[in-house]
1. Does L81 satisfy being modelled with pLDDT of 95 or more, closer than 30 Å to H221 by Cα and either surrounded by 14 or more Cβ atoms within 10 Å (Cβ to Cβ) or among the β-branched types (V, I, T) (or both)?
2. Kindly list, by first and then second residue, each pair from a residue in the range 97-113 that is without any contact (Cβ under 8 Å) to a residue 24 or more places away in the chain to a residue that is of a type in the set (S, T, N, Q), limited to pairs with Cβ atoms under 7 Å and residues at least 6 apart or on different chains.
3. Hey, could you check the range 92-132 for residues that are among the basic types (K, R) and more than 19 Å from the chain's Cα centre (by Cα) and say which is nearest to L189 (Cα to Cα)?
4. If R256 meets every condition in (1) outside any loop (DSSP other than H, G, I, E, B); (2) under 30 Å from S181 (Cβ atoms) apart from one, which number is that one?
5. Condition (residue is surrounded by fewer than 13 Cβ atoms within 10 Å (Cβ to Cβ), closer than 24 Å to N95 by Cβ, in contact with a strand residue (DSSP E or B) (Cβ under 7 Å, 6 or more places away or on another chain) and polar (S, T, N, Q)) applied to the range 241-252: is it met by at least one residue?
6. Of all residues in the range 232-253, which are more than 20 Å from G68 (Cβ to Cβ), modelled with pLDDT of 95 or more and not charged (D, E, K, R)?
7. Restricting to the range 180-222, name every residue that is loosely packed, with under 13 Cβ neighbours inside 10 Å and under 17 Å from L120 (Cα atoms).
8. In the list V8, V17, V50, V24, which residue meets the criterion of being modelled with pLDDT under 90 and either in contact with a helix residue (DSSP H, G or I) (Cβ under 9 Å, 6 or more places away or on another chain) or under 30 Å from S262 (Cα atoms) (or both)?
Amino acid sequence: MQVKRPSVEGPDFVKLVREVEKKVKRLEDNKWDFKAVPEAFAAPDQAADVIAKELVHIHDGQMITRVGRLIMGGVGSHFNLMGPIRSDARLKVTNSHLLDAVNLQLGSDGLLDLPEYRRLETKPQAVDFYNYGLFYTPRDLVFWLLLHDSGCFPSTLEHMMRKFAEGYVVQNDMYAPARPSKDLKAPALMAGACLMMQFPSKVIEWMDKPLFGGLAPETIHVETLLTIKPSRISHPHLPLVAESKVEIGYQNYYLRRFAGVSPKDGLRGPNVSAESAGD
């Protein structure tokens, strides 16, 4: 999602916080009905999406360790990356050693194996994530979005509310391209640093599909599952493209790789009007 608010300091920031607090309270009092506070609705010209992602999921029977690298596209000067995660998860920025080791043993170039990724017209520029944060309630989430003039989409808020009710929290961080774009037909492509997430689970848990941000209706994936024992696990929306065995950190793993292109969540059907504050 594009972040639009210019930076403010001192008394101006205090004033801004008070104004946002009033909007959030009005939304909360009206049970998050955007018709009551239409200025909270996101501007229709915002566009930022996950274009591609490369992930390795390790499951040892008790814990899932997930290391991934995202390629984002955006029109604007700075953006935020937001998504629900398990409340007991550990999240940190890490290096690409795991992805590189798996690709090396497979003789793979990762995302570059896919023609859809090779057709991208520009090389992604590296970006750093900053201003990490966690939201524990819908109020926390909406306050941050309005403070940064990102606005809210009703469907996105509804999706996150379901996740809060399931016991998830929402992770958020920001990023900015060195060479931003203002052209929807030629968005800036950005490669984020690798992120590692780890949480206890006795079963495989795949990531949700990214929500549509107005730019790319599909996501290019390369996802690799490593398990201690052989498995026949399938991916919910990607085909199996490789099976093998690899050694990572003196431990042998059974490998299943899934790759392809999948539609994003939150897409609107044909002839369906754009989402508005009154929907």
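The values are calculated or read from the model by the stated rules, or taken from the named source; none is laboratory data. All values reported here derive from a predicted model rather than from experimental measurement. When we count neighbours, we look across all protein chains shown, and the Cβ atoms used for this are built from the backbone with ideal geometry, even at glycine.
1. On the way: modelled with pLDDT of 95 or more: no; closer than 30 Å to H221 by Cα: yes; either surrounded by 14 or more Cβ atoms within 10 Å (Cβ to Cβ) or among the β-branched types (V, I, T) (or both): yes.
So L81 does not fit the description; no.
2. Within 7 Å, the pairs are D109/N103.
3. Taking the range 92-132 and keeping what is among the basic types (K, R), we get 92, 118-119, 123.
Cutting the leftovers down to more than 19 Å from the chain's Cα centre (by Cα) gives us 118-119, 123.
Numbers: R118: 13, R119: 13, K123: 7 Å.
Restricting to residues being among the basic types (K, R) and more than 19 Å from the chain's Cα centre (by Cα), the top hit is K123.
4. Looking at each condition in turn, R256 falls short on (2).
5. So far as the range 241-252 goes, yes, one or more of its residues are surrounded by fewer than 13 Cβ atoms within 10 Å (Cβ to Cβ), closer than 24 Å to N95 by Cβ, in contact with a strand residue (DSSP E or B) (Cβ under 7 Å, 6 or more places away or on another chain) and polar (S, T, N, Q).
6. N252
7. D183, L184, K185, A186
8. Values: V17 fails: modelled with pLDDT under 90; V50 fails: modelled with pLDDT under 90; V24 fails: modelled with pLDDT under 90.
When all the criteria are applied, what remains is V8.
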